Structures are given as C-alpha cells and as structure tokens.
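Have a look at the structure below before the remarks.
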Amino acid sequence: MAGRTWLFSSRMAERDLAAALASGIARTSGPHRNVLAARAHARLGRRTLAEINRHLRALERILSREARRREPPADAAEYCSLTIALLPLRGRGRRTPGADRTRRRRRTENA
C-alpha cells in the first residue's frame, strides 16, 4: 500500500511543480520560497537518521496544525503542498577499499 500511495503522491507533486513553474507563482529563493526540489544521498548512522526523522516529523506537525485551522491566518496567501521521500538505497553505502580509484579509472578509460 505504501508503494502505491507514494507513486500517487510523487505524480501529484510532479504535476503541482509543473503548474507552479508554468503559472509564474513559484518563488525558488528567499525567505518566502514556495518551491524546492532537491535530492541528496549519504550513508547515515542511526543517530543521524533519528535526527532526520525528528525534522521530518516537525514538518508534518507544522503542516497538520495549519491544515486543522478553522480560519487561515490573515497573511495566508497561498496553499502549499509538501511531498518527501526518505528511501534506503540498495547497493550503495558499502565501500570496499580502492572502490573510488577503480571507478575513476573506468571513467578515464571510457572517456
């Protein structure tokens, strides 16, 4: 079920992003930025993963709080959506000694 929910959410996010960019309402920088699309990956320890999850939960709480309001705040000029995926990556994170040198060597040979 989670897989289907994510596929639906990611498609909706893609459509929302395209619409925001096409309409001209997207602000991609500054303190009132309303668009951010990013991807990062790293090997995470248990402590760091727990820290990330605390931040994700804080974002959920903020959005849930605002969604439950009977009246929007006086300065509520826009309706926003947040879609996030924290995913484990298979085949990454296990480095063997010399793996970087081998990868670099292959790129150089193929160039």
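The values are calculated or read from the model by the stated rules, or taken from the named source; none is laboratory data. Keep in mind that this is a model prediction, so the values were computed, not measured. For neighbour counting, all protein chains shown are included, and Cβ atoms are generated from backbone atoms with ideal geometry for every residue, glycine included.
Of all residues in the range 1-41 being within 16 Å of residue 84 (Cα to Cα) and among the small types (Gly, Ala, Ser), which is modelled with the lowest pLDDT? Here the residue is 2.
Within the range 1-26, if we keep just the residues that are more than 16 Å from the chain's Cα centre (by Cα), part of a helix (DSSP H, G or I) and touching a residue at least 12 places away in the same chain (Cβ under 8 Å), the residue that is surrounded by the fewest Cβ atoms within 10 Å (Cβ to Cβ) turns out to be 21. Return the residues of the range 27-69 that are part of a loop (DSSP other than H, G, I, E, B) and in contact with a Pro (Cβ under 9 Å, 6 or more places away or on another chain); say none if nothing qualifies. Result: no residue meets the conditions. Taking the range 79-97 as the range and being surrounded by 10 or more Cβ atoms within 10 Å (Cβ to Cβ) and at pLDDT below 85 as the test, the residues that pass are 92, 93.
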